[in-house]
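Just below is one structure, and these are the notes that go with it.
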Amino acid sequence: MEEQNLAQAYRLFECIQCGRCTGGCPMSLKTRFNIRRLIYEALVYENLDIESKKVLWDCSTCATCTLRCPKGLDPTEMVIGMRSILVEGGRIPSTIRDALKSLAIRGNPLTMAKEERADWAEGLGVKEISEGAKVLYFVGCSPSYDPRVQKVAKALVQAFKKAGVEFGILGNEEVCCGSEARRVGEIGLFEMLQELNLETWGEYPVELMVTTSPHCYNAFQNEYQGLDFKVQHYTQFVARLIDEGKLPLSKEVKRVVTYQDPCFLGKQNKIFEEPRKILRSIPGLELREFDRSRERSLCCEGGGGRMWAEGTNPEERLAHTRVREAMDLGAEVIATACPFCLLTLEDAAKTVAGEDGLQVMDIMELVAEAL
Amino acid sequence: MQASLDIADAGFLVYLVEREPSIGGHMAQLDKTFPTLDCSSCILTPKMVDVARHPNIQLFSYAEVASVDGEIGHFQARVKQKPRYVDVDRCTGCSLCVEACRLKGRVTSEFDVGMSKRGAVYIPFPQAVPLKATIDPERCVFITRGVCGKVPACKEACSAEAIDFEQKEKMIELKVGAIIVATGFDLFDAHLKPEFGYGLYPNVITGLQFERLSSASGPTRGKITLNGQEPKKVVFIQCVGSRDKSVGVEYCSRVCCMYTAKQAHLVKEKIPDAEVTVLYIDVRAFGKGFEEFYDRVRGEGVVYRRGSPSEIYKKGERLVVRAEDTLLGESVQLEADLVVLATGIAPRGDAQDLTDLLRLSPSPDGFFQEAHPKLRPVDTEREGVYLAGCCQGPKDIPDAVAQAKAAASSAIITLRNCMEAS
């Protein structure tokens, strides 16, 4: 993409250089990634050398810049556009290249075998959607393959069963939503995955799809074209089950818990209440909010391809800051509702608080304890 | 008020309908005015008194226009006189009832923008016109529950026997030749920018709250303090709820740059060793004496940093304002004891009701639409109905007064023509 096109494609002419994007950017305090300046450079430099901009890999696509822009611009999309130029030129970190290659071949970025995708569900008595169900549980890549996140999927299944939800999974037919591919600039691959997914889903009379990950939810809800059923993040679905009295939480979970708003759930989709509602419904649980929560929440640095690359990030991740903040609050558990947050925060917790220190759990794991 | 005075001086009878218990509007809440630093009440109060005393002005305070029929020269307006539960003919404004009220100090004061408490019976501010008590029907224990001790304390305290719980709403029919709409503005609701933590952090306040804090008639008697503490690091944030599509406000509010400069000056004047920083996008100092005032304020040691902040959070016990200093190209975290949000001017929340009632059109920004943006700035598309002040769009005091005088002149022409025709 030419520079002139960048300016036109992302309406950069309308930018007033107020600086709210950079001022809210969680990376701008740590690296030289300056989104406002990038906008200006794309606007005024005749030949902006995007290829040398390693800082572009710093962005976690948390979209705080987009949220704060007073002129309705979408700097996050501009970063994705700039990354797509890097991808086209083959200038991408090797770890991201491996993830993309795996995505193209195996339908997941984790270099795992396609035919092992549903192994996590073995022995749980989970139906495949082909056996007929109106609710499709879209598991996602990390919850399918990562042993840590598999626990979240299992907890969700446990809750679905308890509540008598008729649901099915795609099994080994499921492929990645493509959200991360799009965010590292591999837009062609995203479109391919979208097509694959839509084709597969089209075979089944699904009425509602529930996702584990806010990243999948966001892609389906806001980026997929031609979806003919409703999509919900599991926090929305489970909050309703609790509301309707279908999921009685009876066991006490006596823990002090704080909640990390995942960017793709909170900032990007304004789902703030449902996760808190679930946590408050758990008997004995005390919810203590972070000072920076909801619209001011701090990104864990897990999105936008950052699971596979550090960019120029020289120091520890923001997840470490978050863990310290949680410890200051006196929290015993950081709860979250996103596989990436879960993994980054847990890593950070082990480093900062030690193996037996602060626990990081998905909301569903806390729910499962209360069942 | 200005339009009423001009028309009344021209010899016509004016009915002035004010929905609040007192006339004066937001200007009565301000401390000093830019760029001359005149005391706001000192220049406003004489006007209010003139209105009250003028033989050609009949004031209906605590009243609302309910309907308007007819046409230019022959309007019939129905005005709803809300019950004050105080007989204004007997009330002397002595405040004995205000002191006696059982809810004294327990009802949030609108005048002090939530920074002080009043009672259920109150006089909004000492210079109120008319200087009469009003009983808040939503809070008064006697009105809401039917009992308040043996005898309501206000009733017992009033030596003029002015308290009257039997008062009912009254409808008043008025015949008028011309109508001037001067319903003013609301302040942008800072809660709509949750990233600034307004409502969450007590030391994040709005520009209007700062005015009360700095005003000698305000809750701190003009001392800039929060919980008794003088702030040493003060950050002003410009353009909160102006020029911001993310909250549906595309326009510039026109007054915030200058009121912020004035407030920064007031901090420096009252707390000379305070560090005062103004974070801005651009400074719009376009009026007479404005640029000079902006120069003066910087000369007094106020630091202007270019960059609109993105969020406020806490670091330990202190507030941190996060921004990019766009001239440095660096992210900064400014510590602050007090943050003042330069909240913009918004159309009144009930502007829609009034456009329906008067059959006017709203502009895309929600303010009332003038008949022609350049050539007919005070006319509306309904003949005989004119606009004055911030109901038509954000403006400062001189502009509001100028427009009021223009609206008065249009109304006078209409009234003259009607007289000659009949």
- Note on the structure: When restricted to A:Thr61, A:Thr111, the only residue closer than 30 Å to B:Pro309 by Cβ, more than 14 Å from chain B (Cβ to nearest Cβ), in contact (Cβ under 8 Å) with a residue 12 or more places away in the chain and outside any helix (DSSP H, G or I) is A:Thr61
- Query: Would you pick out the residues in the range A:17-48 that are at the interface with chain B (Cβ under 8 Å from one of its Cβ atoms) and open to solvent by less than 20 Å² (accessible area, probe 1.4 Å)?
  - Reply: A:Cys18, A:Gly19, A:Arg20, A:Cys21, A:Thr22, A:Gly23, A:Gly24, A:Cys25, A:Ser28, A:Asn34, A:Arg36
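Quick grid of which residues meet (1) more than 27 Å from the chain's Cα centre (by Cα); (2) within 14 Å of another protein chain (Cβ to nearest Cβ); (3) more than 17 Å from B:Glu324 (Cα to Cα):
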| residue | (1), (2), (3) |
| --- | --- |
| B:Ala274 | yes, no, yes |
| B:Arg284 | no, yes, yes |
| B:Lys288 | no, no, yes |
| B:Asp295 | yes, no, yes |
| B:Arg305 | yes, yes, no |
- Query: Out of curiosity, is A:Lys71 surrounded by fewer than 19 Cβ atoms within 10 Å (Cβ to Cβ), in contact with a helix residue (DSSP H, G or I) (Cβ under 8 Å, 6 or more places away or on another chain) and in a loop (DSSP other than H, G, I, E, B)?
  - Reply: yes
- Return yes or no: is B:Ala346 touching a residue at least 60 places away in the same chain (Cβ under 8 Å), closer than 26 Å to A:Arg20 by Cβ and of a type in the set (A, V, I, L, M)? yes
- When residues of the range B:327-356 are limited to those that are open to solvent by 10 Å² or more (accessible area, probe 1.4 Å) and part of a loop (DSSP other than H, G, I, E, B), the one nearest to B:Gly393 (Cα to Cα): B:Pro347
- Message: Here are the criteria: (1) in a helix (DSSP H, G or I); (2) surrounded by fewer than 18 Cβ atoms within 10 Å (Cβ to Cβ). Tell me which single one B:Glu161 does not satisfy.
- Response: (1)
- Message: Can you confirm whether B:Glu324 is part of a strand (DSSP E or B) and crowded, with 17+ Cβ neighbours inside 10 Å?
- Response: yes
- Task: Scan the strands (runs of 3 or more DSSP E) fully inside the range A:151-261 and keep the ones with 2 or more residues being under 16 Å from the mean Cα position of the chain (by Cα).
- Result: A:208-211, A:230-233
- Would you mention how many residues in the range A:270-287 are away from chain B (no Cβ under 14 Å) and open to solvent by 30 Å² or more (accessible area, probe 1.4 Å)? 8
- Item | Sole residue being β-branched (Val, Ile, Thr), touching a residue at least 12 places away in the same chain (Cβ under 8 Å), buried (at least 17 other Cβ atoms within 10 Å of the Cβ) and in contact with a Leu (Cβ under 8 Å, 6 or more places away or on another chain), chosen from A:Ile85, A:Ile92, A:Ile80 | A:Ile92
- Every pair of residues 6+ apart whose Cβ atoms lie under 7 Å, when the first sits in the range A:135-146 and is under 16 Å from A:Glu166 (Cβ atoms) while the second is hydroxyl-bearing (Ser, Thr, Tyr) and not in a loop (DSSP other than H, G, I, E, B): A:Phe138/A:Thr211
- How about the range B:241-272: which of its residues are open to solvent by less than 10 Å² (accessible area, probe 1.4 Å), under 22 Å from B:Ser310 (Cα atoms) and more than 21 Å from the chain's Cα centre (by Cα)? B:Asp244
- Answer residue from the range B:322-338, given it is within 14 Å of chain A (Cβ to nearest Cβ) and of a type in the set (A, V, I, L, M, F, W, C) and is farthest from B:Phe185 (Cα to Cα) among those: B:Leu328
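The values are calculated or read from the model by the stated rules, or taken from the named source; none is laboratory data. Here the structure is a predicted model, which means the values were calculated and not measured. Here the Cβ is made from the backbone with ideal geometry for all residues, glycine too, and neighbour counts use every protein chain on show. In case anyone asks, the SASA skips ligands and DNA or RNA and just uses the protein heavy atoms, side chains included. Shrake-Rupley method; radii C 1.70, N 1.55, O 1.52, S 1.80 Å.
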